[in-house]
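Worksheet for the structure shown next.
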Amino acid sequence: MTIKIGQLQTFITADSRENAIKFGVEHTINKYAPFLGETTDFHNCRRVVNENWFEAIERLHLTELFYNEETGLFKNDRDITPLTKEHLSTINYAYDLYFATYPDCKPGNHTAIGIDGRLRNVMPSKEDHIAADIMWLRFWANYASHYCSKPVISNVEYLYV
C-alpha cells in the first residue's frame, strides 16, 4: 500500500473519446522530512507493508481515524480525503504518546558500527517500524496542513490519476 499526503491536485484530461476531471496528490520532496533509510525518504509518499501498517495503526490507536466506515481517512479505497485540524490533533497525540511510551526506539532502518569497526545493518524492531510510520505520518500531515491550501491524504495504490 502506498500512502501520499500533500496538496490536492486537479487536472483535466481530454482525448478523442472523453473529457474528465481527475484528482491526485501533488508530489513533494522536503529536505527536512524524516530520514528513515528508505527509498522514499524526503518524499510525501510512503510504501508500507499491509501487515506492518495495520499493526502500527492498531498499536497507535489510529484504526478509527483511518478505517471508520463513515469518517475514516481510508474508508474507501479510491478516496482522497481532506485533512482537518482534528485529524492532525489525533496524529500528533498518537506520536507524542508513542514516543513517551517507547523513548529509546530508533525509527526506520539504521546501521551501527560493529566490534570490528565495520558498519552493519541493524534489524529494526517492531517498535522501530511503528516509530517510522508515525514519524513520517506526523511530519507530512503537519507539513500539508501548514503549507498546502487543500491538504489531503490518499491511498495511492487505488488512486486512478
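The values are calculated or read from the model by the stated rules, or taken from the named source; none is laboratory data. Note that the coordinates shown come from a computational prediction; the quantities given were computed from them, not determined experimentally. Note that each Cβ is placed from the backbone with ideal geometry, even for glycine, and that neighbours are counted across all protein chains shown.
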Scan the stretch 1-30 for residues that are part of a strand (DSSP E or B) and either under 18 Å from the mean Cα position of the chain (by Cα) or surrounded by 14 or more Cβ atoms within 10 Å (Cβ to Cβ) (or both) and jot them down.
Thr2, Ile3, Lys4, Ile5, Gly6, Gln7, Leu8, Gln9, Phe23, Gly24, Val25, Ile29
Tell me, please, whether a residue that is of a type in the set (D, E, K, R), in contact with a Phe, Trp or Tyr (Cβ under 9 Å, 6 or more places away or on another chain) and modelled with pLDDT of 95 or more can be found in the stretch 89-97.
no
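Here's the yes/no breakdown for (1) assigned to a helix (DSSP H, G or I); (2) touching a strand residue (DSSP E or B) at 6+ places or on another chain (Cβ under 9 Å); (3) surrounded by 13 or more Cβ atoms within 10 Å (Cβ to Cβ); (4) in contact (Cβ under 8 Å) with a residue 24 or more places away in the chain:
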{"site": "Pro34", "(1), (2), (3), (4)": "no, no, yes, yes"}
{"site": "Gly37", "(1), (2), (3), (4)": "no, yes, yes, yes"}
{"site": "Gly72", "(1), (2), (3), (4)": "no, yes, yes, no"}
{"site": "Glu86", "(1), (2), (3), (4)": "yes, no, no, no"}
{"site": "Thr90", "(1), (2), (3), (4)": "yes, no, yes, yes"}
{"site": "Tyr93", "(1), (2), (3), (4)": "yes, no, yes, no"}
Report, by residue number, each residue of the stretch 51-66 that is modelled with pLDDT under 90 and either closer than 21 Å to Gly6 by Cα or among the β-branched types (Val, Ile, Thr) (or both).
Trp53
Checked the stretch 68-83 for anything closer than 16 Å to Lys4 by Cα and either of a type in the set (A, V, I, L, M, F, W, C) or modelled with pLDDT of 85 or more (or both); matches are Gly72, Leu73, Phe74, Ile80, Thr81, Pro82, Leu83
Any chance the stretch 123-130 includes a residue that's modelled with pLDDT under 85 and of a type in the set (Gly, Ala, Ser)?
yes
